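As structure tokens, the structure follows; a few thoughts come after it.
The values are calculated or read from the model by the stated rules, or taken from the named source; none is laboratory data. Note that the structure is a prediction, hence the values are computed from the model and not measured. Cβ atoms come from the backbone with ideal geometry, glycine included; neighbour counts cover every protein chain shown.
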Amino acid sequence: MKKSRILSVAVGAAVALGFSAGALATDGYQLIGIGQYAVGMAGAVVAAPDDPLSAAMSNPAGLAFLTPQAAFSAEIFNPTRRTNFGFGETGSSSNVYGVPAIGWVAPAFAKNWVFGGGVYGTSGLGVNYLQPNTPFGTIQAYSSITFMQMAPSVAWKVNDRLAVGASLNLAAEQGSFQQTASGFQNFYPGTPGGLNLASPSWAYGVGATLGVLYKVNDMVTLGATYKSPIAFTSMTWQETSELGQNPNGTPVTGQPGQYSGHLNYPQQVALGIAIRPIPQWLISVEGQWINWRATMNTFNIYGPWVGQSSVGLPMHWSNQWVANIGTQYDVNNWLQVRAGYTYGSNPISNKDTGSNLIFPAVVQNAVTVGSTQKLGMGWKLTEAYMHEFSNTISGTSPYAGAAQQFGIPIQPASATLTENSFGIQVGYDF
């Protein structure tokens, strides 16, 4: 099979798989790394990109130091989620997601210029809870956010030490949400009992990534990237009547019709340093800031609400700080092994638990391991495993006000999340 044929088949497979896939994630609702090299390094690749996936997504300047190649990654993501709406703990029924990615790099239009990029499943979020026999009837809570990105990129190798690069981030997202209580109308006649925007809706957005990579010497490399916000078109839902909650807790009723809302993707900055104490040993350290507060503070839903044009869901996410460290060792000419650790501050505080039971992005600590085998004739195989340790937040139940009004016992609300993933990646050097 010709090399161009190999690449075209891989790209087609990634597109076909990617736009039907959903995922949960680890830094807020963003994956810690794209591709299995980046996962094995716990995402610490902004100063040490090593394949088209880690370069185009984390630092496009790294493409300038790569030979022409392509890579295809397939990852199985397994999050375990539990929540307590105030009436006992229940689990989510959807626990397995597929995350595909394809990347490539090739010479461009002039000397020392390269073109690359990829198609990725970069982030997502989702739960599916069903809890019958509560005082307010059956509680059904559902969320699904799927985020896909295509990132055509260019990089310029200024000299043997310095490279700069840029990616155009073309993105698509799908979102649907529901949190209803079937018996709520028994306590508040005339109200449907919850928020129901369950019909899936697609939105499309654009942003950019700028990156720089500087090799101080043979031992030390510095890297930095800035990712702009990705501004999306509105998601729209055609729905029947619904009940929301505004920030002061007063029920708000909506009429049948079209509802809409913007869910943009946050800007972020990453700085990294990669050190090789000896030629075969790499240590990479990275710090990252993600501006969740600008996009997940309040989610405004516009539509035919009674008495007002919009209702703001008070998410109140904080900006997130992430620290990653990864290490790789070349055992011999055909085997590399790697491991990593990442910590991310929790963007959701305990006091905002009740507003985020269907958005449980609360994990903080993860460990990863991985390896690469160079198979010869340009082929290589990379694997990685990630475990994100369980974390729980707890606070006031969203049903506490109604329960208190009608003398119903209620427990604190809580959200618990644990994650595992395993992936395999095939690479080919042209």
| said: Checking the structure you have, find out if any residue of the stretch 161-183 is closer than 24 Å to Leu63 by Cα and outside any strand (DSSP E or B). | reply: yes
| task | With a cut-off of at least 2 residues that are in contact (Cβ under 8 Å) with a residue 60 or more places away in the chain and closer than 17 Å to Asn169 by Cβ, name the strands (runs of 3 or more DSSP E) lying wholly within the stretch 33-134. | result | 97-107, 113-134
| Unique match (being surrounded by fewer than 22 Cβ atoms within 10 Å (Cβ to Cβ) and either farther than 14 Å from Glu419 by Cα or in contact with a Pro (Cβ under 7 Å, 6 or more places away or on another chain) (or both)) among Gly117, Gly137, Gly86 | Gly137
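Give the stretch 278-300 a look and list any residue that's under 22 Å from the mean Cα position of the chain (by Cα) and either over 15 Å from Ile348 (Cβ atoms) or polar (S, T, N, Q) (or both), or say none.
Taking the stretch 278-300 first, the residues under 22 Å from the mean Cα position of the chain (by Cα) are 284-300.
Within the stretch 278-300, Ser284, Val285, Glu286, Gly287, Gln288, Trp289, Asn291, Ala294, Thr295, Asn297, Thr298, Asn300 meet the criteria.
So in the stretch 405-428, with the set limited to residues that are over 26 Å from the mean Cα position of the chain (by Cα) and surrounded by 16 or more Cβ atoms within 10 Å (Cβ to Cβ), which one is nearest to Gly33 (Cα to Cα)?
At the first step, the residues of the stretch 405-428 found to be over 26 Å from the mean Cα position of the chain (by Cα) are 405-412, 428.
After this cut, where a residue has to be surrounded by 16 or more Cβ atoms within 10 Å (Cβ to Cβ) as well, the list is 408, 410, 428.
On the way: Ile408: 45, Ile410: 40, Tyr428: 20 Å.
Only one residue tops the list, namely Tyr428.
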| task | Please find, within the stretch 59-101, the residue that is farthest from the chain's Cα centre (by Cα) out of those that are under 30 Å from Thr221 (Cβ atoms) and among the polar types (S, T, N, Q). | result | Thr67
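Taking only the stretch 184-211 into account, find how many residues are β-branched (Val, Ile, Thr), under 29 Å from Pro304 (Cα atoms) and either assigned to a strand (DSSP E or B) or without any contact (Cβ under 8 Å) to a residue 40 or more places away in the chain (or both). So that I can check it myself, show each step before the final result.
Let us first name the residues in the stretch 184-211 that are β-branched (Val, Ile, Thr), namely 191, 206, 209.
Those left that are additionally under 29 Å from Pro304 (Cα atoms): 191, 206.
Those left that are additionally either assigned to a strand (DSSP E or B) or without any contact (Cβ under 8 Å) to a residue 40 or more places away in the chain (or both): 206.
Residues flagged as β-branched (Val, Ile, Thr), under 29 Å from Pro304 (Cα atoms) and either assigned to a strand (DSSP E or B) or without any contact (Cβ under 8 Å) to a residue 40 or more places away in the chain (or both) within the stretch 184-211 amount to 1.
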| said: Between Tyr302, Tyr265, Tyr329, Tyr343, which is aromatic (Phe, Trp, Tyr) and touching a helix residue (DSSP H, G or I) at 6+ places or on another chain (Cβ under 9 Å)? | reply: Tyr265
| query | Can you name every residue in the stretch 211-234 that is surrounded by fewer than 18 Cβ atoms within 10 Å (Cβ to Cβ), of a type in the set (A, V, I, L, M) and either more than 14 Å from Leu162 (Cα to Cα) or at pLDDT below 95 (or both)? | reply | Met219, Ala231
| Which condition number does Ser241 fail, the rest of (1) modelled with pLDDT under 80; (2) closer than 28 Å to Ala208 by Cβ; (3) of a type outside the set (Phe, Trp, Tyr) being met? | (2)
| note | Condition set in contact with a strand residue (DSSP E or B) (Cβ under 8 Å, 6 or more places away or on another chain) and polar (S, T, N, Q), scope the stretch 190-227, selection farthest from Ser143 (Cα to Cα): answer is Thr221
| task | Return only the number of the condition from (1) free of Cβ contacts under 8 Å to residues at least 60 places away in the same chain; (2) surrounded by 23 or more Cβ atoms within 10 Å (Cβ to Cβ) that Glu286 does not satisfy. | result | (1)
